[in-house]
Amino acid sequence: MIKTELINKFRKATNRLILLDYDGTLVNLAPLPEEAIPSEHLLNVLTKLIGIPQAKVIIVTGRGHKDIDKFLGHLPMTIIAEHGAMNKENGKWVNEIKDDGLWKNKVRPLLNEITLTCPKSFIEEKNFSLAWHYRNAEKNIGQIQSKKLIRILKDVAQYYNLKILDGNKVVEITTGETNKGKAIQYVIERNNYDCIICIGDDTTDEYMFEYLFKNENAITIKVGDGNTIAKHKLDSVQEVILFIEKLSL
């Protein structure tokens with residue numbers, strides 16, 4: 001559990017920023033992405049968090065913007081989607097990068113081939129990325145095929161300047177310009193925050209932890225197992241919700 005002094009540090013600050021991943025952080029992974037629906041309790045907690053004076057709440061997710069908008073779009077907060085490729089502020093979605101998507105025609109057949117060799121795996125297409133999920137596959141087969149896919153993708157990724165994200169039971173291919181670290185850098189440079197709380201569970205969240213590593217005002221929190229450069233850990237989604245609920249008390 002997070003120490004009480006971290007909560008006190010947040011409460012004493014006068015200009016606060018809260019950065020939250022979605023899947024694996026605020027909700028547990030579901031068999032299909034569309035099934036990871038936020039609970040009423042989570043929505044109530046987020047509503048209270050948004051209402052804290054001098055505190056800005058931002059969801060930073062790899063989700064497609066339409067998906068995350070269905071879940072959280074009714075809440076009055078900023079959402080950064082697709083690892084920073086899209087941004088919703090003041091109720092409007094904006095593309096943060098330019099990409100014609102032609103590279104997908106080269107990558108999609110490779111994902112189709114690997115899907116045939118890994119039962120229960122599936123492909124997800126977003127505006128600026130393609131993702132191969134193996135969360136429902138047999139564990140060993142999924143891990144073996146994910147490593148094989150990453151090797152296969154390296155040449156095409158280099159040619160088209162793409163980034164391969166080896167995430168939590170997912171391999172995602174995005175344009176080379178995007179990652180969560182770059183996305184939050186723009187936000188943080190515009191303001192003088194005296195307390196930043198950043199919570200995530202995946203390897204893609206390490207970009208945020210890395211950017212904030214030397215920031216004395218940052219409290220970085222890794223959810224679950226695995227190596228991390230975050231300074232603190234929480235064991236589960238339930239602990240995350242409990243922690244952010246305490247922030248709003």
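The values are calculated or read from the model by the stated rules, or taken from the named source; none is laboratory data. In this text the structure is predicted, and so the values were computed from the model without any measurement. Cβ coordinates were reconstructed from backbone atoms using ideal geometry, including for glycine residues, and neighbour counts include every protein chain displayed. The area values use the complete protein model at the heavy-atom level, side chains included, leaving out ligands, DNA and RNA. Shrake-Rupley method; radii C 1.70, N 1.55, O 1.52, S 1.80 Å.
Descriptive notes on the structure:
- Residue in the stretch 218-244 that is nearest to the chain's Cα centre (by Cα), counting only those that are of a type outside the set (A, V, I, L, M, F, W, C) and open to solvent by less than 50 Å² (accessible area, probe 1.4 Å): 222
- Of the residues examined, residue 42 is one that is in a helix (DSSP H, G or I), within 17 Å of residue 201 (Cβ to Cβ) and touching a residue at least 40 places away in the same chain (Cβ under 8 Å).
- The listed residue being under 22 Å from residue 180 (Cβ atoms) and either modelled with pLDDT under 95 or part of a loop (DSSP other than H, G, I, E, B) (or both), out of 58, 97, 79: 97
- If you filter the stretch 79-111 down to residues that are of a type in the set (S, T, N, Q) and surrounded by fewer than 16 Cβ atoms within 10 Å (Cβ to Cβ), you find that the one that is nearest to residue 136 (Cα to Cα) is 105.
- Selection of first residues in the stretch 135-153 that are more than 20 Å from residue 103 (Cα to Cα) and of second residues that are assigned to a helix (DSSP H, G or I), restricted to Cβ pairs under 7 Å at least 6 apart or on distinct chains, gives the following pairs, ordered by first then second residue: 145/114.
- Residue within the stretch 70-78 that is under 27 Å from residue 130 (Cα atoms), open to solvent by 30 Å² or more (accessible area, probe 1.4 Å) and free of Cβ contacts under 8 Å to residues at least 40 places away in the same chain present: yes
- Residue 169 in contact (Cβ under 8 Å) with a residue 60 or more places away in the chain, touching a His at 6+ places or on another chain (Cβ under 8 Å), charged (D, E, K, R) and surrounded by 15 or more Cβ atoms within 10 Å (Cβ to Cβ): yes
- When residues of the stretch 112-156 are limited to those that are assigned to a helix (DSSP H, G or I) and closer than 22 Å to residue 61 by Cα, the one most open to solvent (accessible area, probe 1.4 Å): 150
- Condition check for residue 200: under 28 Å from residue 145 (Cβ atoms), open to solvent by less than 10 Å² (accessible area, probe 1.4 Å) and touching a strand residue (DSSP E or B) at 6+ places or on another chain (Cβ under 9 Å): yes
- Identity of the residue in the stretch 172-187, surrounded by fewer than 19 Cβ atoms within 10 Å (Cβ to Cβ) and without any contact (Cβ under 8 Å) to a residue 40 or more places away in the chain, that ends up farthest from residue 227 (Cα to Cα): 186
- Residue in the stretch 1-34 that is least open to solvent (accessible area, probe 1.4 Å), counting only those that are part of a loop (DSSP other than H, G, I, E, B) and polar (S, T, N, Q): 25
- Strands (runs of 3 or more DSSP E) fully within the stretch 167-249 counting 2 or more residues that are under 30 Å from residue 106 (Cα atoms) and touching a helix residue (DSSP H, G or I) at 6+ places or on another chain (Cβ under 9 Å): 170-175
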